[in-house]
Amino acid sequence: MSRAERTRAVRKTPEERAAEIREGARAVALEGGLWAVTLRSVAARVGVTPALVAHYQPNMEVLVADTFTAVVVTEMVEVAAIVEPYRSPTDRLAALIHTLVESGRDDVTAVWLDGWSLGRRSTPLATAVRAQMDAWQHLVLEVVEAGCATGEFTTSDPQAVAWHLLGMVDGLSAQGLVSYRDPAARGRLITDALEHALALPSGALSAPRPADVQQPALRLDG
């Protein structure tokens, strides 16, 4: 094909191109982990040259950190939306635990693992990882504190309980990447520990009760 016959790339605004590159990096991370986010892999995903990616993202450490944040924030928003409709703190905590340990989240778990590993040598990534760990602890802490306020939970240190839960979820989810032990057993380890920590009866966190999900108000105006 002669040079005159080649199809030219569609011209995009700088904002559109930057967003396309960010989304391309996110797709690469979910498919191959943060280790896979390179100039070449992102360029190939978007269909542009590595030089163009470098033009919009001159610092790959920052791009990797931003990609990590985009991936885990999306997951947190999704999980929060699943948990929010439950009325009782006990059911909200049960929904939170079971959502986090269910299958189908290996791609995000791998991104977390890469974040901790690569963050040892990348200040931007380490900063992003710590910020998102704090955000997740805040989400869990809100549920635990709500349970303490209603008298459903009993603990002298809600912060420690939230940290304990996230530590178990992170560790057991990492073990799940190599199919270590049964998924249901991993979930029971977490619920058993939280029931003890919050003075809940055995089985209280086994599963949220569907009947307690808030229902939308009925419209009476037709």
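Laboratory data are not the source of any read-out in this text; all were calculated from the coordinates shown. Fair warning: this is a prediction, and the values are worked out from it, not measured in the lab. Glycine gets a Cβ as well: all are built from the backbone with ideal geometry, and neighbour counts include every protein chain shown.
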Sorted by mean Cβ packing within 10 Å, highest first, what order do the peptides 186-194, 49-57 take? 186-194, 49-57
If one computes the Cα centroid of region 151-184 and of region 45-113, what distance in Å separates the two points? 18
Cα gyration tensor shape for region 83-136, rounded if a/c is under 1.5, else prolate or oblate: oblate
Considering amide H positions built from the backbone, and no H for Pro or chain starts, which residues 5 or more places from residue 86, or on another chain, come under 5 Å of its amide H? 214
Charge dipole (the chain, unit charges on Cβ, about Cα centre) - positive-most of 32, 69, 90: 32
